[in-house]
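Working notes, beginning with the structure itself.
Bear in mind these aren't lab numbers, they're just calculated from the coordinates by the rules spelled out. Since the structure is predicted, the reported quantities are computational estimates derived from the model, not experimental observations. Using ideal geometry, Cβ is built from the backbone for each residue, glycine included, and neighbour counts are taken over all protein chains shown.
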Amino acid sequence: MVTRSSYYKDRPLRTAYRAPFSRSTIKALPPDHFLNEATSRPVLETLVQKIDELGLKITSVDPVTMDDLHTLRITSRQTKPEDFDSRIASNIRLIFKTRQFYSIKFSEDENKTLQVHPLSPRNYGSLRLPGQSVGIEGVPWGGGTIGGYIAFDDLGMENYRFGMSCHHVLQPTRRECNGEGRMEKISQHLNEIGVLHGPVSWVLKGGDRVVTPAPSDHIDLIEEATAKIAAFRAEGTSTRNSSEELSRSPSETLAAKSRERETAEHLKLLRKHDGTFGKVSVTSGYRVDPSTGFSIDWGLVRMPAMALAANVYIFPLAGWGGQTQKAIFTVGDPIPGEEVCKLGRSTNFTSGIVSPALHAIDLGRNGVITTEWAIIGDRNLPFSADGDSGSWVINKEYEVVGMIVGNNGVVSYMTPIKVVIKDIEAATGKAVILHGNQGQTWSKAKEWKPRRFFGLLKANSR
């Protein structure tokens, strides 16, 4: 465990920077707008097929309020066709057959405009919490989020705990690496560590080793600390015997030397950090649920027997629903228009609104465009970004209602948690419970008074 000195006590290990994400203001549609019902799964599938026939490869179809207009936003990695308004938009209107006004707008994929560089201190604690950064050991790209922790209601498995994330987080592929000119080396590396582009069979002993934080995050943090020390030393050398040095008060000089010393101490601890999180036990592969059309993309990491884990969400000082800390023991259904939040590797705590309409998205994994529940981020900021996949989505009743599987600008996409858990139970043949729920299966879960989790919760919290 990395202990934090007084200098780091109230500071994030890395700061998050989010660039202005969209030149347009995007919000959820009003609950009574006709597009909410009109964009059903069959209609979206017809719409996507028609747009494809017209020669436009889309990333998503998002029914949203855009710049105060009720809009069907069509995003694509292609540039806008010259005849989009005259030919493609007119064909889209023929599908809906309504006289009600709505706008159809083309938008280039905006993922590339987001810059996120966060790393929460929770990634270095001995107690595993939701929102942990994780990745496969030795894979220097990618990474994702542990949304929370589950167990199985099965005799003989009382001591097993599993962190839940996405298949694409725990089974990275060459396609997810941006390195150019290194593909041959990467392919060899993937073969050596056994990372496969497919589902992992249910095994208790586990497969690939998972570490926290993700290798890329940990390496970046070490490089930042090293650069800080170099800067401190360079500053000290350049100002020694100078007028600037002479003008410093003794307390300022002492504080500067203290920062350098504490950063060096912190770096030493970082280099000693054992990031073992667990081993991959089972993943879903990339599939589509036949009954709902939602993406199936989950993975479980078996944690070491002595590891401490808790489904305790620590919210910002402003709190969430009146709480700054809360144990999550129950699951629920997403409700259109409700407020939700999540804790993730890349954007940490964010909140948003569940879209009242279904959305179509090409996640680039299933080989098809799928229909998904969507969340519109507050204040025109993204609800999630790359690296937040696997985050659990929490409502104000403190229920888990979904898991993040992708994003496209301000809009993020989730699979309902009950769909995920049902698929896990089918794959493993065992009933799932949320870790800490005192033996209640998810289908029978109700509000329980939580136990104290290592001082994180007040005794009277509910």
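Sequence-ordered 3J(HN,Hα) estimates for the stretch 211-224 from the Karplus curve with 6.51, -1.76 and 1.60 and θ = phi - 60° stand at 10, 9, x, 4, x, 5, 5, 5, 5, 4, 5, 4, 5, 5 Hz, glycine and proline given as x. Of the peptides 88-95, 360-367, 413-420, 160-167, the ranking by mean beta-carbon count within 10 Å, highest at the top, reads 160-167, 413-420, 360-367, 88-95.
Loop-resident GluC sites (Glu not before Pro) (DSSP state other than H, G, I, E or B) in the stretch 260-306 with no more than 13 further Cβ atoms inside 10 Å of their Cβ are absent. Phi angles of the stretch 328-344 translate, via the Karplus equation with coefficients 6.51, -1.76, 1.60 and θ = phi - 60°, into HN-Hα couplings of 9, 10, 10, 10, x, 9, x, 10, x, x, 7, 7, 9, 9, 7, 10, x Hz per residue; Gly and Pro are given as x.
Report note on the peptides 68-75, 27-34: ranked by the mean count of other C-beta atoms within 10 Å, highest first, their order is 68-75, 27-34. So what's the Cα pair-distance distribution over the stretch 26-109, bin width 10 Å, in %? All Cα pairs, binned at 10 Å, distribute as 17, 56, 26, 1 percent.
How much net charge surrounds ALA89 when only other residues with a Cβ under 13 Å from its Cβ are counted (Lys, Arg +1; Asp, Glu -1)?
On the way: positive: LYS50, ARG73, LYS80, ARG87, ARG93, LYS105; negative: GLU82, ASP83, ASP85.
Taking every Cβ under 13 Å from that of ALA89, the sum is +3.
Measuring between their Cα centroids, the stretch 254-327 and the stretch 31-80 lie 35 Å from each other.
Starting from the Cα-Cα distance between ASP154 and LYS268, subtract it from 0.36 nm times their residue separation and give me the gain in nm to one decimal. Before the final figure, lay out the partial values.
On the way: separation 114, 0.36 × 114 = 41.04 nm, distance 4.24 nm.
Roughly 36.8 nm would be gained on extension.
Reported value for the stretch 352-405: 94 Å³ per residue, from the convex hull of its C-alpha atoms.
By the scheme Lys and Arg +1, Asp and Glu -1, what is the net charge of all other residues having a beta-carbon under 10 Å from that of GLY163? So the surrounding residues net to +3. Model label sites at ARG261 and VAL368, defined 7 Å from Cα along the beta-carbon direction, differ in position by 6.4 nm.
Find the Rg to Rh ratio for the stretch 276-408, where Rh is the Kirkwood radius over alpha-carbon pairs and Rg uses the same atoms. Walk me through the numbers before you get to the answer.
Values: Rg = 15.4 Å, Rh = 16.0 Å.
Using Cα coordinates only, the ratio equals 0.96.
Each of THR46, THR212 has some number of other Cβ atoms within 10 Å of its Cβ, and from fewest to most they run THR46, THR212. In this rough spin-label picture, where each label sits 7 Å from Cα along the Cβ direction, the ALA305-ALA318 distance is 4.6 nm. With a Förster radius of 41 Å applied to the beta-carbon distance between ARG287 and ALA227, the computed FRET efficiency rounds to 0.45. Between LEU94 and THR276, the distance separating the two model label sites (each 7 Å from Cα on the Cα→Cβ line) works out to 6.3 nm.
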